[in-house]
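The values are calculated or read from the model by the stated rules, or taken from the named source; none is laboratory data. All of these numbers come straight from a predicted model, not from anything done at the bench. Every residue, glycine as well, gets a Cβ built from its backbone with ideal geometry; the counts of neighbours run over all protein chains shown.
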Amino acid sequence: MDLLIQELEWEKDNMSNEDIKIVNIPSEKFEFVNSGDKIHDTKFETKPIGYFKDALIRFCKNKASVVAFIIIIFIVLFALIVPITTPKSKATVMDTYYKKNAPRNVFLKETLGIMGGTKNLEQNERALILELAKGVGAEFNVNTDTITIGESMNSYYQPVTKYSYGGENSLGVNSKAFYNVKIDNYLSVGFEYIAIEQSKYREILEWEEETGLKVLYPLIAENEYCIDPTDANYWYKSTSKGVPVSTAKGKDVRLEFSEDLVLEDNYLRDKEGNLVYYRYSGGGDANTAMYYVRVLYYNYYRYMHGFEPNYFLGTDSQGYDLAYRMATGIRLSLILAVVVSAINLVLGALIGAVEGYYGGLTDLIIERIKDVLSGVPFIILATLFQLHLAKQVGPLLSLIFAFVVTGWLSTSARVRTQFYRFKNQEYVMAARTLGAKDSRIMWKHIFPNTLGTLITSSVLVIPGVISSESMLSYLGIATLGDAKTTSLGTLLSEASKLWTDHPHLMIAPAVVLSLLMICFNLFGNGLRDAFNPTLRGSEE
């Protein structure tokens, strides 16, 4: 005690003036903290973040995955909206006259000069005259003279949008002039011969009066000036080699090509000199009698369908609307992939949970069965199913069975691993001690911990199924195409023989298939990182 008093006195003697001031603070300046109050935990000002919200936050920080998800949404919307907005007559009708044609939209063609459905060709003089003659013939009017080649360039039905002299091609000792020509594929069809019923003939005449558009044109005389009686576009007089001639002076005079060239018609006329528009080709009464007529096919298409031939992505090798076929192909691929992924998820989760939880002999037997199934080549399995099972259940269900037979193996392996990891944890042992049944422990306590892995693996299964289905369709093993639907692989298979001359047939489905594969993989990677709880807070 004496020692403590001595230390205090020493400290007092050695204090500075400032220290002395602190020691001499008046007692009334002191007060108790929280006097009479109870101290409680302070309430958090921020809202708690749950597991899925935290996963969403992490997913949104992955820009590549977000962009991939947006692209997937656009592709899905395309697959849903296009079949709904496409008229039935355009969606399911195969128009062979317009097959393999490039994309065309009249509005964009007239306003921006794009999507005109055109192609660039090198043509000799006679072939160019034939193309130009289609536009001249479309402007035919009984009460007016035939227009010149130059005037026909302003015609709405002129297939030649641009042409220029390209030089001469040397072929042995001969040389021929050629022209660089830009042609509208849809107008290039020109005129066609068709057989229709008399009742339909009257309907076309009424439609012409209502719309002011001309569909029916005079027949062509089959004489020495008709180079090809089966081609409705040779309406002008020409030699056997296609050189246009004039007989106005009583003899055949070959006409030189120029913008002022006026072609002389070779239309069929009766004894009174009247133009003939149809020829009876069979039938009985006034309604069933068949007429053989010559039509401007572009306007005949408008009469049949009620709209002009507009194809946003062009037409496929058979004449179907490529945009509609692609939409149905995307829809088929996505439905197939989602169904297969869901079935494999359920089967894999059930089997993997059982063998992972019980282990022992159960695990051993199931693993040996999985070893046998994993050794079966998928392409052989799919081929056998398509050859035999498809006859009973159809090609689509047969393909689903082929994917499911071995598709659940990887999912079950993941679930099995997760169950082995968590089944001996303390909270599982506590639940077992409290009397919880095996089913409750499996699905209430252990299975939720595998959800992140399962969701990620299920999403990553989708691009694999799409790729495999496209491969099988491309190789011709699985035939999923018909008048109502098709697959991306079938479209690519059809385009593989034609893509050098018609690249749009290959480009559109290939780009969509590539985007689906890349975006689903990026989307799956984003989900994998988002559902990984070990990454929580790692970005902060």
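Numerical summary
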| quantity | calculated |
| --- | --- |
| Residues within region 135-146 that are in contact with a helix residue (DSSP H, G or I) (Cβ under 7 Å, 6 or more places away or on another chain) and either assigned to a helix (DSSP H, G or I) or buried (at least 19 other Cβ atoms within 10 Å of the Cβ) (or both), tallied | 2 |
| Residues (among the polar types (S, T, N, Q), in contact (Cβ under 8 Å) with a residue 40 or more places away in the chain and surrounded by 12 or more Cβ atoms within 10 Å (Cβ to Cβ)) located in region 215-252 | 233 |
| Residue that is nearest to the chain's Cα centre (by Cα), among those in region 198-230 that are closer than 30 Å to residue 253 by Cα and not in a loop (DSSP other than H, G, I, E, B) | 216 |
| Residue within region 316-329 that is over 30 Å from residue 501 (Cβ atoms) and in a helix (DSSP H, G or I) present | no |
| Enumeration of residues in region 474-507 that are assigned to a loop (DSSP other than H, G, I, E, B), closer than 20 Å to residue 398 by Cβ and of a type in the set (Val, Ile, Thr) | 477, 479, 485, 486 |
| Qualifying residue in region 433-441 (condition: closer than 21 Å to residue 461 by Cβ and either surrounded by fewer than 18 Cβ atoms within 10 Å (Cβ to Cβ) or in contact with a Lys or Arg (Cβ under 6 Å, 6 or more places away or on another chain) (or both)) | no |
| Scan of region 270-285 for residues that are more than 17 Å from residue 145 (Cβ to Cβ) and surrounded by 10 or more Cβ atoms within 10 Å (Cβ to Cβ), ordered by number | 274, 276, 277, 278, 279, 280, 281, 282, 283 |
| Evaluation of residue 108 against (1) part of a strand (DSSP E or B); (2) surrounded by fewer than 18 Cβ atoms within 10 Å (Cβ to Cβ) (one fails), failing number | (1) |
| Residue 414 vs. criteria out of contact with any Asp or Glu (no Cβ under 7 Å at 6 or more places or on another chain), among the basic types (Lys, Arg), part of a helix (DSSP H, G or I) and under 22 Å from residue 441 (Cβ atoms) | yes |
| Residue 169, sole failed condition from (1) farther than 27 Å from residue 264 by Cβ; (2) at pLDDT 90 or above | (2) |
| Filter result (modelled with pLDDT of 85 or more and assigned to a loop (DSSP other than H, G, I, E, B)) within region 115-134 | 117 |
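Residues checked against (1) surrounded by 14 or more Cβ atoms within 10 Å (Cβ to Cβ); (2) farther than 22 Å from residue 468 by Cβ; (3) modelled with pLDDT of 90 or more; (4) out of contact with any strand residue (DSSP E or B) (no Cβ under 8 Å at 6 or more places or on another chain):
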{"residue": "339", "(1), (2), (3), (4)": "yes, no, yes, yes"}
{"residue": "358", "(1), (2), (3), (4)": "yes, yes, no, yes"}
{"residue": "381", "(1), (2), (3), (4)": "yes, no, no, yes"}
{"residue": "395", "(1), (2), (3), (4)": "yes, no, no, yes"}
{"residue": "418", "(1), (2), (3), (4)": "yes, yes, no, yes"}
